[in-house]
Amino acid sequence: MSYFAHETAVIDEGCTIGEGTKIWHFSHIMPNCIIGERCNIGQNVVVSPEVKLGSNVKVQNNVSIYTGVECEDDVFLGPSMVFTNVTNPRSAVVRRGEYARTIVKRGASIGANATIVCGHDIGEFAFIGAGSVVTKTIPAYALVVGNPARQIGWMSEYGHRLEFDSQGMAVCSESGEEYRLKNQKVTKITAE
């Protein structure tokens with residue numbers, strides 16, 4: 001076994017779990033999940049059937065990742081954040097065939113106690129503030145907060161707020177990487 005699972009964790013048949021991944025106390029990995037390398041699955045986490053997690057995904061305590069959710073590489077899911085997978089749930093109505101898909105793109109962070117209403121993708125390196133309720137698709141690098149979540153700015157890949165000048169240029173205060181804002185889209189400028 002090339003991953004670590006605490007003795008209280010339950011891992012069902014048919015799962016693929018990458019090298020270096022750690023699964024902690026009282027977590028349940030349900031059938032046919034794919035979990036990448038070097039992930040950290042915190043305490044009391046449920047990963048529902050057929051969920052896909054990329055490599056280096058950090059799932060903090062008390063998170064449920066429901067069928068229909070996919071997280072790409074380097075995603076951070078804060079403590080007790082919530083995904084949904086049915087837009088109109090009723091206890092007496094079975095809607096298993098109606099799960100809405102939600103993709104959390106590479107490098108995105110979702111803060112503690114945030115809620116992601118199903119069917120709304122989270123863009124690359126987007127930053128969802130703690131307690132936010134996401135009810136629409138979030139663009140790459142966007143900083144959103146509140147209920148319902150609204151965009152208040154842009155974030156760098158290192159998690160720092162970007163301040164754009166009159167030419168639409170910004171520099172990350174930690175990495176020194178440059179970003180361009182054009183037509184309400186942020187792109188990182190890469191060296192040629």
>> Consider the stretch 151-165. How many of its residues are buried (at least 17 other Cβ atoms within 10 Å of the Cβ) and part of a strand (DSSP E or B)?
In response: 2
> Can you spot a residue in the stretch 121-129 that is acidic (Asp, Glu) and over 19 Å from Val47 (Cα atoms)?
Replying inline: yes
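Please determine, by comparing only the residues of the stretch 166-185 that are assigned to a loop (DSSP other than H, G, I, E, B) and among the small types (Gly, Ala, Ser), which one is nearest to Phe76 (Cα to Cα). Give the derivation first.
So the first thing to find is which residues in the stretch 166-185 are assigned to a loop (DSSP other than H, G, I, E, B), and the list is 166-168, 172-177, 183-184.
When the remaining residues are screened for being among the small types (Gly, Ala, Ser), the result is 166, 168, 173, 175-176.
On the way: Ser166: 32, Gly168: 28, Ser173: 21, Ser175: 19, Gly176: 22 Å.
Going through the qualifying residues, I end up with Ser175.
Throughout, read-outs are computed from the coordinates displayed, never taken from laboratory work. Values in this document were obtained by computation on a predicted structure and should not be read as measured data. Neighbour counts are summed over all protein chains in view; Cβ atoms, including those assigned to glycine, are modelled from backbone coordinates with ideal geometry.
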